[in-house]
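For reference, the structure discussed in these notes is given below.
Values in this text are rule-based calculations from the coordinates and carry no lab data. The structure presented is a predicted model; accordingly, all values stated were derived computationally and were not measured. Virtual Cβ from ideal backbone geometry, glycine too; neighbours counted across all protein chains shown.
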Amino acid sequence: MYAIVEIAGHQYKVQKDQQVYVNRLQAKEGDKVSFDNVLLLDDNGNVTVGAPAIDGAQVSAKVEKHLKGDKVIVFRKKRRKGYRKKNGFRAYLTELTIDSIVAKGAKKAEKAAAPKSEKKAEAKSEKKETTAKKTEAKKAAPKKETAKKAPAKKAETKKAAAPKAEKKETAKKAAPKKSEKKSDDKKEDK
């Protein structure tokens with residue numbers, strides 16, 4: 001008897017007492033885990049195909065250990081361009097031993113998960129209600145008149161800046177130019 005089951009986002013063909021390496025699971029070493037997303041069952045030639053999963057079918061397994069996979073080297077190169085890039089990668093894996101494959105009568109984990117999804121929906125509706133109340137309170141509150149004060153400050157700064165500019169211009173007028181000095185010196189020499 002074998003089954004095709006989806007574990008951690010990948011599909012695996014499993015049999016009883018088989019060791020399977022899958023993507024890292026959140027379970028601790030020695031824990032029992034069960035997977036109810038069974039896509040196909042073969043019981044000595046009697047094949048059952050799910051649409052997409054078989055109702056009541058379940059594969060249970062024991063977590064043996066967590067480990068890292070083999071090192072994979074990713075090397076990219078473009079010839080005659082001087083481009084080389086080398087990266088390494090090691091996948092985090094979990095080793096499972098398949099304990100049993102149940103064709104019918106297994107309890108679905110979705111039934112236990114259904115109340116959680118209802119709780120999430122209730123929490124979302126409560127959040128929407130609180131945000132709606134906050135927006136209503138903002139609309140009802142009187143607006144402050146800060147816009148009138150801001151332009152007055154800008155006008156004051158312009159007035160304060162204008163005398164400084166006038167002072168600079170008068171200072172420039174008072175100082176003689178270099179060319180005028182030279183011509184005055186030449187006149188005096190003659």
Report summary line: Per the rule of 0.36 nm per residue minus the C-alpha distance, extending residue 129 to residue 21 adds in nm 34.3 nm
Query raised in the report: Running Debye on segment 2-112 with equal point scatterers at the Cα sites and no solvent, what base-10 log of I(q)/I(0) appears at q = 0.12, 0.13, 0.14, 0.15 Å⁻¹?
Result: -0.52, -0.57, -0.63, -0.69
**Report entry** Cut-off under 5 Å, modelled amide H: who pairs with residue 8 long-range
**Finding:** none
Query raised in the report: Relative to the Cα centre, what is the charge dipole magnitude of segment 1-53, using +1 at the beta carbon of each Lys and Arg, -1 at the beta carbon of each Asp and Glu, and rounding to the nearest 20 debye?
Result: 140 debye
